[in-house]
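Contents: one structure, followed by commentary.
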Amino acid sequence: MRQPSRRQVIALGIGAVGSAWLRPAVAAAANDAKTESHGESHGMSAFGDLKYPADFHHFDYVNPDAPKGGLFSTIPSSRAFNQSFQTFNSLNAFILKGDGAKGMEMTFTSLMARAGDEPDAMYGLAAKSVRISADGLTYRFTMRPEARFHDGKKLTARDAAFSLTILKAKGHPLITQQMRDMVSAEAADDATLVVTFAPKRGRDVPPFVASLPIFSQAYYTAHPFEESTLDVPLGSGPYKVGRFEPNRFIEFDRVKDWWGADLPVCRGAYNFDTVRFDFYRDRDVAFEGFSGRSYLYREEFTSRIWNTRYDFPALTEGRVKREQLPDETPSGAQGWFINTRRDKFKDPRVREALGCAFDFEWTNKSIMYGAYVRTVSPFQNSDLMASGPPSPEEATLLELFRGKVPDEVFGMPFVPPVSDGSGQDRKLLRRAAQLLNDAGFPIKDGKRMTPQGEVFRVEFLLDEPAFQAHHMPYIKNLGTLGVDATLRLVDSVQARARRDDFDFDMVIERFGFSTVPGDSLRPFFSSKAAGTKGSNNLAGIADPAVDSLMEQVIAADTRAKLVFAARALDRVIRAGRYWVPQWYSNAHRLAYWDVFGHPPSLPKYLGVMAPDIWWSTQTGAASSGQAK
């Protein structure tokens, strides 16, 4: 019999068992189908065969001969869990308390590592292989005997089991929510980790679990895991914590005898001797630091700065490079999220009125140099985004909620209105006023009133001064409608606390999903997440239709079913008017001092991957894959 492909193995694991796999002559095998596995594998993915064979040498997109050495310094351009762009006061980046330091993830090892040129594939890191049961509910990881913590002690399956268990119990809510369907993690012995999942678990739960950090059980026997602390934890990754000063900078030093350096998933990566993150309260001020060479690499998110301020001498002299690299990853949602937990925002007509008052066309032209495209969907820039009327498959899913969701979900998906670009589109403002009137928010003495007779006030919460200019014309338009709109600029610590407690009216956030979302949707859209402190369900979405369609996405056993379910979910979320969509760009704007190299072709699914696969040109030329 021909061996099953990786696609077929995964299909079996999520319940798509075809009759060809149950041979009548092997009745006993059918009875044991839940516990049988289909062989040991060096990697795993949700859909499709693995690109790389078991004996692969390195990922195609890296330069395996990249030199080691040098310094990479930057400011944070992404964050996870309790991390902040502007500050840090803790070296525990995996709990809710405190502001975790950016970069702490580099000090730990995970079971498997993500491939950047495949949508969802992972390959062995601390675990050299995995054996998956036929029902997809039991994963047996075989640990690498050479894996070590930074103190030289062996990293075992017991450490991995401890780590997954404590993260599920005491980790950041975003972690615990995505681990909901992990039932247990147990060490059969030092070399074997057995992870068990619940029936109907999301397809992205095992990869998420395999990507989580592995902690030292011995270390956390003496140190409480759930505390915010500046004690340096014992790690096992390619870097360890070096010098740091809370709220100002943190450095990570490369572990030069790191046990994983020659693994296929690590060749060509982790090349800098030092990686440093500097923290600024204001990205405009941080730009001055970059132009003065206080740090060396910057991803530019502000079109105004990109178009007007990159004319300093070092750039015109060629000592600083600028690049725009394509961004093919799903861009997700960015916008002002409206806190529907508050009575004044419960009526979707009120939320739609708030959207009508924002003139994207004027803002893009006047403030952002026409550099952006309007966001309309949480699945923006992916095939999961709904367009046109529902397909028959989408309609079948949506029909179950006829009368329970807005009728518009059965037609064209909602898109934000296009203004005349004047900054005060009278037609849209009249539309907004009518919506507010219809919702019982009348004008009295020039002020917009709530149905309870109170002045309708809207406070925008902000921790980034660079966004102030985008708020002012929006607030002016709301004032035209009689809404008492204000902007509250707070420090990042207060902003994080208020965000985690859902103590805001409207707040800016950006989030995105992979091309194969599953359980990762729950922290953003589920009714449970709406009441979970620290979750990403900022709008407080608590809709049974959303919950049900989300489960359809999670349970999909083919790519086609996933796409149809996601598009149906997209239609319902967009019909809820839970956010005022902002904008996105399909390019990475990079600026860096001319001391770095990077591979000529960067991976499609993980972006620019700086500093992970970049290198210093100050340590000698690499023999291949020279800088662009």
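A few points about this structure:
- Loop-located trypsin sites (Lys or Arg not before Pro) in segment 251-359 (DSSP state other than H, G, I, E, B) with a sparse environment of at most 11 neighbouring Cβ atoms within 10 Å: Lys256.
- Cα-only Debye scattering, segment 396-458: base-10 log of I(q)/I(0) at q = 0.23, 0.29 Å⁻¹: -0.97, -1.13
- For Gln177, neighbours were defined as the other residues whose beta-carbon sits under 11 Å from its Cβ, and their charges (Lys and Arg +1, Asp and Glu -1) total +2.
- Accessible area of the chain belonging to carbon and sulfur atoms, whole % at 1.4 Å probe: 51
- Counted charge near Arg431, where neighbours are those whose Cβ lies closer than 11 Å (Asp, Glu -1; Lys, Arg +1): +1
- Value of relative contact order over the chain, rounded to a whole percent, pairs C-alpha under 8 Å and six or more apart: 20
- For Gln618, neighbours were defined as the other residues whose beta-carbon sits under 14 Å from its Cβ, and their charges (Lys and Arg +1, Asp and Glu -1) total +1.
- Residues of segment 66-175: accessible area per residue with a 1.4 Å probe, Å²: 29
- Mean ellipticity per residue at 222 nm, deg cm²/dmol - from DSSP H runs of n ≥ 4 across the chain, formula -39500 (n - 2.57): -7000 deg cm²/dmol
- The value for segment 225-363 of Rg(Cα) / (2.2 N^0.38 Å) is 1.51.
- Partners of Lys604 within straight-line reach, counting lysines whose Cα lies under 19 Å from its Cα and excluding those fewer than 8 residues away in the same chain: Lys51, Lys628.
- Kirkwood hydrodynamic radius (C-alpha pairs) into Stokes-Einstein, segment 122-261, 4 °C and 1.567 mPa s, D in µm²/s: 81
- Listed residue pairs exceeding 30 Å between alpha carbons, taken from Lys168/Lys200; Lys476/Lys528; Lys346/Lys533: Lys476/Lys528
- Over the chain, the alpha carbon radius of gyration divided by the compact-protein estimate 2.2 N^0.38 Å works out to 1.00.
- Ratio Rg/Rh, restricted to segment 524-628 and using Cα atoms, in which Rh is the Kirkwood radius: 1.18
- For segment 484-582, trypsin sites (Lys or Arg not before Pro) are listed when DSSP marks them as loop and at most 15 other Cβ atoms sit within 10 Å of their Cβ; the list is Lys533.
- Based on protein heavy atoms only, segment 544-606 ends up with 28 Å² per residue of surface accessible to a 1.4 Å probe.
- Cross-link reach list, lysines versus Lys240, counting only Cα pairs under 20 Å and skipping chain neighbours closer than eight places: Lys68, Lys102, Lys153, Lys154, Lys256
The values are calculated or read from the model by the stated rules, or taken from the named source; none is laboratory data. Computed from a predicted structure; not experimentally measured. With ideal geometry, Cβ positions are generated from the backbone for all residues, glycine too; neighbour counts draw on all protein chains shown. Surface areas here come from the heavy atoms of the whole protein model, side chains and all, with no ligands, DNA or RNA. Shrake-Rupley method; radii C 1.70, N 1.55, O 1.52, S 1.80 Å.
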